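The values are calculated or read from the model by the stated rules, or taken from the named source; none is laboratory data. On a predicted model such as this, the values are computed, not experimentally measured, just so you know. Here the Cβ is made from the backbone with ideal geometry for all residues, glycine too, and neighbour counts use every protein chain on show. For the accessible areas, the whole protein counts, side chains as well, though only heavy atoms, and no ligand, DNA or RNA atoms are used. Shrake-Rupley method; radii C 1.70, N 1.55, O 1.52, S 1.80 Å.
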Amino acid sequence: MMVAHPLPLLAILLQLLLSCLPALGYSNRFFYQEILNGNGNGEIHFNGVKLHVDSSQPSLFALRGSNATLSCRYWYEPELSSPRRVRVKWSWLPVMGGHETDVLVAIGPRIHSFGDFRDRVHLRQDSPGDASLVMTELQLNDTGRYRCEVIDGLEDKSATVDLELRGVVFPYQPPHGRYNLTYHDAQQVCQEQDSTLATFEQLFQAWEEGLDWCNACWLADGTVQYPITKPRSPCGGLGLAPGVRSYGRRHRHLHRYDVFCFSSSLRGKVYYLQHPQKLNLTEAQQACLNDGAQIAKVGQLYAAWKFMGLDRCDAGWLADGSLRYPITNPRRNCGPLEPGVRSFGFAPPHHKHGVYCYSAVVVFPYQPPHGRYSLTYHDAQQVCQEQDSTLATFEQLFQAWKEGLNWCNAGWLADGTVQYPITKPRRPCGGLGLAPGVRSYGSRHRHLHRYDVFCSSSPLRGKVYYLQHPQKLNLTEAQQACFNNGAQIAKVGQLYVAWRFMGLNRCDAGWLADGSLRYPVTNPSRNCGPLEPGVRSFGFPPPYQKHGVYCYSAGMQ
């Protein structure tokens with residue numbers, strides 16, 4: 001007897017397997033139900049059709065805190081006449097080794113991310129066959145090899161992308177002396193200094209840039225190595241050429257060495273605290289707190305030296321109890337005639353020195369659309385929250401004043417006081433006779449009294465940008481234009497952070513989410529307002545007026 005549509009033997013076996021899986025208590029909705037097509041004839045796809053997967057960029061370099069797009073594209077030969085539902089899976093092999101772990105799995109619109117990658121990754125899907133992975137807010141430990149796997153029926157193809165973070169490598173020796181760290185101790189001390197274990201590739205790059213260090217140190221792969229640019233007797237001998245010397249892999253629990261740590265870019269600011277007197281370690285920690293900051297870590301100081309050009313010939317306390325200072329422009333009386341971070345080791349904690357602090361907030365004044373001095377304390381909390389920020393503390397306002405914030409309107413602070421910062425004394429702002437400073441009205445009644453507010457924002461997880469649009473937009477059109485661009489209209493706090501920490505510089509006024517019109521200037525120039533950096537404001541124009549717009553996307557590179 002003839003069967004009109006015979007099933008291939010393999011398809012019959014697969015159907016039998018699928019019918020048995022529920023009885024075995026096993027199912028995988030992401031794969032098995034997609035093996036057979038949906039037209040009922042049981043044909044296996046790829047009869048003469050080949051699936052291809054490729055990455056246009058097999059290696060990628062980025063900075064911590066930034067966003068990155070790992071390219072992946074798939075296509076068929078010959079080209080299919082209709083789209084196919086495929087399973088896309090991204091996985092990650094850490095640079096330190098270990099098991100490959102899942103990052104993201106997607107079938108059509110169904111997407112699921114895993115572990116530390118949750119809410120930080122999504123597929124770009126800009127065009128048919130685009131399976132590129134967009135990663136936001138990159139972390140130090142994200143370095144490694146990423147695999148893009150595309151599965152369609154029985155076909156399974158993949159491509160890999162190596163993600164490497166740009167940064168600075170530095171040797172670290174703990175307070176208790178040389179060669180005291182197991183591999184796991186080394187991981188811990190790097191983490192404590194806002195860094196991670198350096199890879200061999202990172203160390204090799206640092207050696208090429210001039211790093212010369214004679215002590216053997218752990219690396220991420222469990223090897224122990226050290227870079228030599230100037231061969232000498234204690235460091236492998238005069239007869240050896242410059243290079244990275246290796247002890248090979250060592251026992252991670254038994255053997256003890258120093259460590260090479262790796263730190264990437266900062267989203268805040270390291271600075272030498274101007275203080276009337278020198279401080280012991282405890283006083284230094286408190287002085288940074290009083291200044292609205294924290295005492296800086298070693299990795300933060302190295303990153304500030306490497307990426308922000310921090311140059312200071314004054315030794316200062318750091319969080320680990322060490323004394324160091326950064327030099328980008330070598331000169332007499334500041335150590336060797338080459339750039340670097342100088343170290344005096346670990347001084348007795350009662351000794352008196354300066355201190356390096358780290359701050360990662362930006363303070364800005366805020367006045368709502370309905371006018372000046374209209375906010376109770378609880379209103380002030382609410383409007384800061386709406387602008388992706390929180391009420392500023394006095395210490396944060398004081399630090400902003402020292403950095404040049406000059407504002408004559410009184411505003412609420414987190415402690416319930418009302419204050420305002422003046423760098424240029426004048427008659428309406430306390431009078432010409434008063435010195436510059438933070439003026440205070442003291443504590444005010446939180447329900448009855450009304451003022452403006454000072455908000456503070458921390459670094460972003462995404463990017464603020466001025467939308468390139470063919471025409472100007474009213475407020476409603478601006479909101480929709482950002483949405484059409486895969487983003488949202490930016491908030492005031494987000495614009496301030498992008499100006500302060502990301503160097504956003506644009507001489508075009510644009511709508512923000514609260515209906516205000518602003519633009520950020522980091523490089524002052526003529527026709528762009530006052531000749532000092534800042535976020536310029538045009539207040540709250542009528543919403544039907546036509547202007548540009550600033551958008552915020554958590555997934556932009």
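For segment 360-415, a residue qualifies if it is open to solvent by 10 Å² or more (accessible area, probe 1.4 Å), among the small types (Gly, Ala, Ser) and either outside any loop (DSSP other than H, G, I, E, B) or under 30 Å from Ala303 (Cβ atoms) (or both), and the qualifying residues are Ala360, Ser389, Ala400, Gly404, Ala414.
This table checks each residue for (1) over 30 Å from Tyr183 (Cα atoms); (2) touching a helix residue (DSSP H, G or I) at 6+ places or on another chain (Cβ under 8 Å); (3) modelled with pLDDT of 50 or more.
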{"residue": "Gln15", "(1), (2), (3)": "yes, no, yes"}
{"residue": "Ile35", "(1), (2), (3)": "yes, yes, no"}
{"residue": "Leu60", "(1), (2), (3)": "no, no, yes"}
{"residue": "Lys89", "(1), (2), (3)": "yes, no, yes"}
{"residue": "Trp92", "(1), (2), (3)": "no, yes, yes"}
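The set of residues from segment 69-112 being surrounded by fewer than 18 Cβ atoms within 10 Å (Cβ to Cβ) and among the hydroxyl-bearing types (Ser, Thr, Tyr) comprises Tyr76, Ser81, Ser82, Thr101. Being under 30 Å from the mean Cα position of the chain (by Cα) and open to solvent by 40 Å² or more (accessible area, probe 1.4 Å) is a description that does not apply to Phe454. Are any of the residues in segment 253-275 surrounded by 12 or more Cβ atoms within 10 Å (Cβ to Cβ) and farther than 28 Å from Ile327 by Cα? Yes, segment 253-275 contains a residue that is surrounded by 12 or more Cβ atoms within 10 Å (Cβ to Cβ) and farther than 28 Å from Ile327 by Cα. Taking the criterion of being at pLDDT 90 or above, over 22 Å from the mean Cα position of the chain (by Cα), outside any helix (DSSP H, G or I) and crowded, with 18+ Cβ neighbours inside 10 Å, would at least one residue in segment 473-486 satisfy it? Yes, there is a match, as at least one residue in segment 473-486 is at pLDDT 90 or above, over 22 Å from the mean Cα position of the chain (by Cα), outside any helix (DSSP H, G or I) and crowded, with 18+ Cβ neighbours inside 10 Å.
Exactly one residue out of Ser389, Ser443 is touching a residue at least 60 places away in the same chain (Cβ under 8 Å) and either polar (S, T, N, Q) or at positive phi (or both): that is Ser389. Which of the residues that make up segment 63-89 are in a loop (DSSP other than H, G, I, E, B) and among the hydrophobic types (A, V, I, L, M, F, W, C)? Hits for segment 63-89 are Leu63, Cys72, Leu80, Val86.
For Leu123, the test of being within 26 Å of Ala303 (Cβ to Cβ), of a type outside the set (Lys, Arg) and either open to solvent by 10 Å² or more (accessible area, probe 1.4 Å) or touching a strand residue (DSSP E or B) at 6+ places or on another chain (Cβ under 9 Å) (or both) is failed. Of the strands (runs of 3 or more DSSP E) lying entirely inside segment 500-554, those containing at least 3 residues that are among the hydroxyl-bearing types (Ser, Thr, Tyr) and closer than 17 Å to Ala481 by Cα span 548-553.
Take Gln300 and decide whether it is under 25 Å from Phe394 (Cα atoms) and open to solvent by 40 Å² or more (accessible area, probe 1.4 Å).
Values: under 25 Å from Phe394 (Cα atoms): yes; open to solvent by 40 Å² or more (accessible area, probe 1.4 Å): no.
Against the criterion (under 25 Å from Phe394 (Cα atoms) and open to solvent by 40 Å² or more (accessible area, probe 1.4 Å)), Gln300 does not qualify.
Contact annotation: residue pairs with Cβ atoms under 6 Å, 6 or more positions apart or on different chains, pairing a residue in segment 359-376 that is under 25 Å from Ala287 (Cα atoms) with a partner that is small (Gly, Ala, Ser) and not in a strand (DSSP E or B), are Ser359/Gly268; Ser359/Ala293; Ala360/Gly268; Ala360/Ser458; Val361/Ser458; Val363/Ala392; Val363/Ala400. Only one of the numbered conditions (1) among the β-branched types (Val, Ile, Thr); (2) closer than 21 Å to Gln399 by Cα; (3) open to solvent by 70 Å² or more (accessible area, probe 1.4 Å) is violated by Thr522, and that is (3).
Against the definition (closer than 13 Å to Cys217 by Cα, open to solvent by 10 Å² or more (accessible area, probe 1.4 Å) and not β-branched (Val, Ile, Thr)), how does Arg249 come out, yes or no?
Judged against the criteria, Arg249 is a match.
Going by what's in this entry, would Pro541 be described as of a type outside the set (Ser, Thr, Tyr) and more than 27 Å from the chain's Cα centre (by Cα)? Considered against the rule, which asks whether it is of a type outside the set (Ser, Thr, Tyr) and more than 27 Å from the chain's Cα centre (by Cα), Pro541 comes out as yes.
Quickly run through segment 303-320 and pick out the residues that are open to solvent by 10 Å² or more (accessible area, probe 1.4 Å) and under 27 Å from the mean Cα position of the chain (by Cα). Trp305, Lys306, Phe307, Met308, Gly309, Leu310, Asp311, Arg312, Ala319, Asp320, listed by residue number.
When the residues of segment 143-185 are filtered to those that are in contact with an Asp or Glu (Cβ under 8 Å, 6 or more places away or on another chain), open to solvent by less than 10 Å² (accessible area, probe 1.4 Å) and among the aliphatic types (A, V, I, L, M), the one that is nearest to Leu93 (Cα to Cα) is Leu163.
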